[in-house]
1. Kirkwood hydrodynamic radius of segment 97-166 from all distinct Cα pairs, in Å?
2. Which of the peptides 48-55, 146-153, 78-85, 35-42 is most tightly packed, and how do the rest follow, judged by the mean count of other Cβ atoms within 10 Å per residue?
3. Once you wrap a convex hull around the alpha carbon atoms of segment 33-114, what is its projected area averaged over all directions, in nm²?
Ligand code: THU
């Protein structure tokens, strides 16, 4: 089995590898707290989804390397194919505000297990947020957060420029 086929790790589960230390909570890690904060931001952004056709509201929140949180929600069109996912709205907002390094992305919708980013969003994440940890959660169970890397989501991504040229 390829080593990219790792099972997702729950962000809220106590980590075996990381022990408690400075700045770490009783059960979690620094990144767990980031995940909880980002999932909350994504859930708040979800309320602003414009989804009159599917009625499926999705919220996303990106954490930039300098600690800012940039949110987005899905926007649909009567010409369905023009719909833009919450992840891409957040990413495009952040990029066009001058952010270029991202450490995390949370995605929230009312779906058991949380919504997995679509293929188009995975491609853009691979290009513009390759180091981001992706946390997904069901809006009905926001404490149950699943964690993925962008590489988990899109191994062997098509990248035109080498990473140091982007
Ligand atoms: N959608 C997202 O915003 N993100 C996802 O990860 C999956 C799908 C949106 C697109 C569309 O507005 C609606 O959900 C139904 O597909």
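Every number here is computed from the coordinates shown, using simple stated rules; none is lab data. Small disclaimer: the values here were computed from a predicted structure and weren't measured. Methodologically, a virtual Cβ is constructed for each residue, glycine included, from the backbone with ideal geometry; neighbour enumeration extends over all protein chains shown.
1. About 12.8 Å, per the Kirkwood formula over Cα pairs.
2. Working: 48-55: 13.4, 146-153: 18.8, 78-85: 11.6, 35-42: 23.4.
With the highest mean Cβ count within 10 Å placed first, the list reads 35-42, 146-153, 48-55, 78-85.
3. Dividing the Cα hull surface by four gives the mean projection, 5.5 nm².
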